[in-house]
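Let me begin by presenting the structure, written as structure tokens, before commenting on it.
The values are calculated or read from the model by the stated rules, or taken from the named source; none is laboratory data. The shown structure was predicted, so the numbers you read here are calculated from the model rather than taken from an experiment. Note that each Cβ is placed from the backbone with ideal geometry, even for glycine, and that neighbours are counted across all protein chains shown.
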Amino acid sequence: VTQLSSASSSSVNKENITSANMSDEEPQDDQELVTITAAEKQSGIIDRWELIQAQDLRNKLRIKQHLQQWQQVNSDLSDVSAWLDKTEEELEELQKAKPPTSMQAMEQRVKKLKDTLKAFDNYKAVVLSVNLSSKEFQKADSTEFKELQNRLRKVNLRWEKAAHALDNWRKGLRQALLHCQDFHDQSQKLILWLASAEGRRNEAQITDPNADPHTILESQKELMQLEKELLEQQLKVNCLQELSAYLLLKSDGEDYIEADEKVHVIGKKLKQLTEQVSHDLKTVQGSLLFFLLLLLLACMIPSSEEDYSCTQANNFARSFYPMLRYTNGPPPT
């Protein structure tokens, strides 16, 4: 019985010690868990704060970009409006002006047309950009946006009106060119001159392979003069081609097609003839160079068989006799 009671008390003591140890460890584990949880909460707060800062920065950048885009759209609209004020007035005056009747006046009008078309192309890109950029502000419901939309609508209407006025002015110039007698006379003169130039080129060509240098020099002189005149006529042809490119459209009728074809033939014939004359000059210059080489060779070769004899050599040897003394007599010569 005593043994059982001692064993029982020993077991009870062990359980109490174990219970006490467990109770001492539990607060330490709870404290670590609380520390980890606090750290996670702090990390989560930092992440959320960084996210808020990033969103705020993105919103500020977006607002800044929208503000810059808004200012750019307003600036572009002002520039286009100012240009339209000037262009509308110029087109109105040009349409009222008398049609040009000379080539010089026609050249000036076409130069003005080129500049105007170039300006339209440049500002067309600006107008398209403004229309596309304005779509970014469609969600905005403010007085400023409504005013912007109203300005843009007016600019678009004015642009269409100016483009229509430009087309009408261009059509008027096209009709004036077709009725310009100076244009037709100059085209016909160039056709006749090119035919004459082709005949001169054929006459200047050397067909005889045994032609003398004088004939070759005359041919070169004529071809050089013809080449010079061809270059001078090139300026007139360039003028006709420019008028044709801007005013003569194949879809406008048979009269326009005929005038355009005539200018095309003139330009093609002039280019062909210029290349042919340039080739002929190179051939003539090659022939002259060949004659010069023959002349040089003729100067280097002796003119008679006496130059190959020993006479000159013997005379040269005898010239040394007063200076030489031979014990056994002079050598045979």
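Is there a residue being at pLDDT 65 or above, among the small types (Gly, Ala, Ser), closer than 18 Å to Ala195 by Cα and part of a helix (DSSP H, G or I) anywhere in the stretch 251-266?
no
List pairs: first in the stretch 158-183 and closer than 14 Å to Thr87 by Cα, second among the β-branched types (Val, Ile, Thr), Cβ under 7 Å, 6+ apart or cross-chain?
Once the first residue is closer than 14 Å to Thr87 by Cα and sits in the stretch 158-183, its partners that are among the β-branched types (Val, Ile, Thr) give Trp159/Val127; Ala162/Thr87; Leu166/Thr116.
Table: residues versus (1) within 28 Å of the chain's Cα centre (by Cα); (2) assigned by TED's automatic domain parsing to the domain that holds Ser196; (3) surrounded by 14 or more Cβ atoms within 10 Å (Cβ to Cβ); (4) among the aliphatic types (A, V, I, L, M).
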residue	(1), (2), (3), (4)
Ser219	no, yes, yes, no
Leu223	no, yes, yes, yes
Leu235	yes, yes, no, yes
Cys239	yes, yes, yes, no
Tyr256	no, yes, yes, no
Asp260	yes, yes, yes, no
Val263	yes, yes, yes, yes
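Within the bounds of the stretch 62-83, is there any residue that is in the same structural domain as Ala163 (by TED's automatic domain parsing), at pLDDT 95 or above, surrounded by fewer than 11 Cβ atoms within 10 Å (Cβ to Cβ) and more than 18 Å from Leu152 (Cβ to Cβ)?
Among the residues of the stretch 62-83, not one is in the same structural domain as Ala163 (by TED's automatic domain parsing), at pLDDT 95 or above, surrounded by fewer than 11 Cβ atoms within 10 Å (Cβ to Cβ) and more than 18 Å from Leu152 (Cβ to Cβ), which makes the answer no.
Results for (1) at pLDDT 90 or above; (2) over 18 Å from Glu258 (Cβ atoms); (3) outside the structural domain of Ile216 (by TED's automatic domain parsing); (4) within 32 Å of the chain's Cα centre (by Cα), shown as yes or no for each residue.
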{"position": "Ala140", "(1), (2), (3), (4)": "no, yes, yes, no"}
{"position": "Phe145", "(1), (2), (3), (4)": "no, yes, yes, no"}
{"position": "Lys154", "(1), (2), (3), (4)": "yes, yes, yes, no"}
{"position": "Leu166", "(1), (2), (3), (4)": "yes, yes, yes, yes"}
{"position": "Trp169", "(1), (2), (3), (4)": "yes, yes, yes, yes"}
{"position": "Ser187", "(1), (2), (3), (4)": "yes, no, no, yes"}
{"position": "Arg200", "(1), (2), (3), (4)": "yes, yes, no, no"}
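All but one of (1) assigned to a helix (DSSP H, G or I); (2) of a type outside the set (S, T, N, Q); (3) surrounded by fewer than 16 Cβ atoms within 10 Å (Cβ to Cβ) hold for Ala165; which doesn't?
Going through the list (1) assigned to a helix (DSSP H, G or I); (2) of a type outside the set (S, T, N, Q); (3) surrounded by fewer than 16 Cβ atoms within 10 Å (Cβ to Cβ), Ala165 breaks only (3).
So is Lys96 modelled with pLDDT of 90 or more and more than 27 Å from Lys228 (Cα to Cα) or not?
Considered against the rule, which asks whether it is modelled with pLDDT of 90 or more and more than 27 Å from Lys228 (Cα to Cα), Lys96 comes out as yes.
Between a first residue in the stretch 105-127 that is more than 22 Å from Val80 (Cα to Cα) and a second residue that is outside any helix (DSSP H, G or I), which pairs have beta carbons less than 7 Å apart while being 6 or more apart in sequence or on different chains?
Filtered contacts from the stretch 105-127: Met106/Pro100; Met106/Cys180; Arg109/Pro100.
Here is a check on your reading of the model: is Asp29 over 33 Å from the mean Cα position of the chain (by Cα), assigned to a helix (DSSP H, G or I) and modelled with pLDDT under 65?
Yes, satisfied.
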